[in-house]
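**Student:** To start, I am sharing the structure in question, which I have written as structure tokens.
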Amino acid sequence: MDDTIRDMHAMEILDSRGNPTVAVRLELADGSSVVSRVPAGASTGAHEAVELRDRDMSRYRGLGVSQAIHNVNTIIGPALKDLPVTEQLAVDQRMIEIDGDPQKARLGANAILAVSLAVMAAAAKCRRQPLYRYIGGLNAALLPVPLLNVLNGGAHADNNVDIQEFMLVPVGAATFREGLQMAQETYQALKALLQSQSLRTAVGDEGGFAPDLQSNRHALDLLVEAMERAHLKPGQDMVLALDVAANELKQGDGYRLEGDVLTGMQLIDYYQHLVRDYPVISIEDGLAEDDWDHWQLLNDRLGDRIQLVGDDLFVTNPARIARGIDEASANAVLIKPNQIGTVSETLEAIRLTQSAGWNAVVSHRSGETEDTTIADLAVAINGGQIKTGAPARGERIAKYNRLLAIEQADSSLSYAGWEAFRR
Ligand code: PGA
Ligand code: ZN
């Protein structure tokens, strides 16, 4: 059969931070081939699947992935030889069994995901379908609203802003293309605004600016002003989303914010005030990854007004998402395939999320490559949202350009717009 795996080769490549990551070239029996590349996080959650790193300090400061490469070439490859790529679940299951560790620590989630993504891409190629159509079938109907991280703090930047990401959300656009343009013009307006105030315009890992600012509110004021300078109506044409990455703020039982240590309740009050004063439609990781009690209180307080997204809380893990649904901890899940390590488990996490009426927000990592799989995934699942960085830096732009190409080629798809945030 043409759709069976003939061979696969893993290779150590570099991600957008210049750190090593895993690429896999998979060859089918018919001679055709595909390449996949996996991303890597910086503010990674404790409950994520394990990214296997060599820890050999004589290479790449210990960040080499030669062991993961070796695992693909000598263990996974031979075990999957001659299996059909259309059997995604069986392939993924096989790798999960061989690994045997709940966090995929033996073969490495980076090794496993690279193969899983390559298998999916190869199957789409065999079927002669665009990747989003192969994954989503006839049901794929929506182009996502992009959440563009244009101002950085936290672990992604060397400045004094605590909130990791401030994102532009062009909900009022009629098409994806128009939404991207609105965001790009706001990003450029923000740059000019920063320059006019002698603030730094160097960018962080995801392409957002990373100036030293007086406070988080200062950042929000600048974003609202940038929208106005780009001739947009804040709250109507464009809204804002935050990723607090609150794990990184944790201090003892509390959270360190702008020089003070706040209790979980005080932090919730703080968010309530931000949401009152600014057009913030979504807050991700407002609380730490194991602070389930405060997550529930936050959702109780704000969950009927804004989107509350669990990233480090859920780590794309169906078991943790099930607990969140049970306890009404949030109303959305950030979906990062490399947090769980296979395509099948990622799709299971998405099904579970959506079956609870929650939003599934497909996301990049801060360390990315030119791989654009997540753009197709966002379209395939009708998630209505994608988080993939600023309108700058090649590895971020690759995803946006893929979405532009999908929109251009397929008139059956429509832009999610406000609908993405109406549950
Ligand atoms: P990471 O950050 O990829 O460094 O984990 C992205 C995020 O927190 O959403
Ligand atoms: Zn996050």
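**Student:** Could you tell me which residue of the stretch 40-78 is nearest to ligand 2 (Cβ to nearest atom), considering only residues that are within 29 Å of N152 (Cβ to Cβ) and polar (S, T, N, Q)?
**Tutor:** Ranking the candidates gives S43 first.
**Student:** Follow-up question, since we're still on this one. Only one of (1) within 16 Å of ligand 1 (Cβ to nearest atom); (2) more than 21 Å from the chain's Cα centre (by Cα) fails for A123. Which number is that?
**Tutor:** (1)
**Student:** Among residues belonging to the stretch 343-371 that are of a type in the set (V, I, T) and closer than 28 Å to G394 by Cβ, point out the one that is farthest from ligand 1 (Cβ to nearest atom).
**Tutor:** It comes out as V343.
**Student:** Among the listed residues V34, V38, identify the single one that is within 16 Å of T369 (Cβ to Cβ) and more than 16 Å from ligand 1 (Cβ to nearest atom).
**Tutor:** V34
**Student:** Just checking, does the stretch 234-244 include any residue being in contact with a Pro (Cβ under 9 Å, 6 or more places away or on another chain), away from ligand 2 (no atom under 16 Å from the Cβ) and free of Cβ contacts under 8 Å to residues at least 24 places away in the same chain?
**Tutor:** no
**Student:** State whether the residues of the stretch 248-255 include one that is within 19 Å of K399 (Cβ to Cβ) and basic (K, R).
**Tutor:** Start the filter on the stretch 248-255 by keeping residues that are within 19 Å of K399 (Cβ to Cβ), which leaves none.
No: the stretch 248-255 contains no residue that is within 19 Å of K399 (Cβ to Cβ) and basic (K, R).
**Student:** Which residue is nearest to ligand 1 (Cβ to nearest atom), if the candidates are limited to the stretch 205-241 and must be in a strand (DSSP E or B) and either over 26 Å from F421 (Cβ atoms) or in contact with a Ser or Thr (Cβ under 7 Å, 6 or more places away or on another chain) (or both)?
**Tutor:** Step by step, filter the stretch 205-241, then rank; the result is A241.
**Student:** Another question about this same structure. Can you pull out the residues in the stretch 25-66 that are small (G, A, S) and under 24 Å from L83 (Cβ atoms)?
**Tutor:** Across the stretch 25-66, the qualifying residues are A29, G31, S32, S33, S36, A49.
**Student:** While we're here: Here's a check for you: in the stretch 69-93, which residue that is under 26 Å from the mean Cα position of the chain (by Cα) and among the charged types (D, E, K, R) is surrounded by the most Cβ atoms within 10 Å (Cβ to Cβ)?
**Tutor:** The extreme case among them is D92.
**Student:** Right, another one. Among the listed residues A10, A105, identify the single one that is part of a loop (DSSP other than H, G, I, E, B) and aliphatic (A, V, I, L, M).
**Tutor:** When all the criteria are applied, what remains is A105.
**Student:** Which ones in the stretch 57-90 are in a loop (DSSP other than H, G, I, E, B), touching a residue at least 40 places away in the same chain (Cβ under 8 Å) and under 18 Å from I112 (Cβ atoms)?
**Tutor:** G64, V65, K81, L83, V85, listed by residue number.
**Student:** Scan the stretch 253-267 and give yes if some residue there is over 30 Å from G417 (Cα atoms), among the polar types (S, T, N, Q), assigned by TED's automatic domain parsing to the domain that holds E165 and not in a loop (DSSP other than H, G, I, E, B), otherwise no. Even if it seems obvious, please write down each step before you answer.
**Tutor:** First, pick out the residues of the stretch 253-267 that are over 30 Å from G417 (Cα atoms): 253-266.
Right, trim to among the polar types (S, T, N, Q) and you get 263, 266.
Next, from what is left, pick out any that are assigned by TED's automatic domain parsing to the domain that holds E165: 263, 266.
Subset that is not in a loop (DSSP other than H, G, I, E, B): 266.
Yes: the stretch 253-267 contains one or more residues that are over 30 Å from G417 (Cα atoms), among the polar types (S, T, N, Q), assigned by TED's automatic domain parsing to the domain that holds E165 and not in a loop (DSSP other than H, G, I, E, B).
**Student:** How about the stretch 56-66: which of its residues are in contact with a Lys or Arg (Cβ under 8 Å, 6 or more places away or on another chain) and not β-branched (V, I, T)?
**Tutor:** G62, L63, G64, S66
**Student:** Sticking with this one: Could you look through the stretch 13-30, keep only residues that are in a loop (DSSP other than H, G, I, E, B) and modelled with pLDDT of 95 or more, and pick out the one that is farthest from ligand 2 (Cβ to nearest atom)? Full working, then the answer.
**Tutor:** Let us first name the residues in the stretch 13-30 that are in a loop (DSSP other than H, G, I, E, B), namely 15-19, 29-30.
Within this subset, residues satisfying the condition of being modelled with pLDDT of 95 or more are 15-19, 29.
Numbers: D15: 17, S16: 17, R17: 16, G18: 22, N19: 19, A29: 40 Å.
Result: A29.
**Student:** Give the stretch 160-204 a look and list any residue that's within 16 Å of ligand 1 (Cβ to nearest atom), over 24 Å from A420 (Cα atoms) and either not in a loop (DSSP other than H, G, I, E, B) or not aliphatic (A, V, I, L, M) (or both), or say none.
**Tutor:** Passing the criteria: D162, V203, G204.
**Student:** For the list (1) out of contact with any helix residue (DSSP H, G or I) (no Cβ under 7 Å at 6 or more places or on another chain); (2) of a type in the set (V, I, T); (3) within 16 Å of ligand 2 (Cβ to nearest atom), I need the number of the one condition that V280 fails.
**Tutor:** Of (1) out of contact with any helix residue (DSSP H, G or I) (no Cβ under 7 Å at 6 or more places or on another chain); (2) of a type in the set (V, I, T); (3) within 16 Å of ligand 2 (Cβ to nearest atom), only one is false for V280: (1).
The values are calculated or read from the model by the stated rules, or taken from the named source; none is laboratory data. The shown structure was predicted, so the numbers you read here are calculated from the model rather than taken from an experiment. Methodologically, a virtual Cβ is constructed for each residue, glycine included, from the backbone with ideal geometry; neighbour enumeration extends over all protein chains shown.
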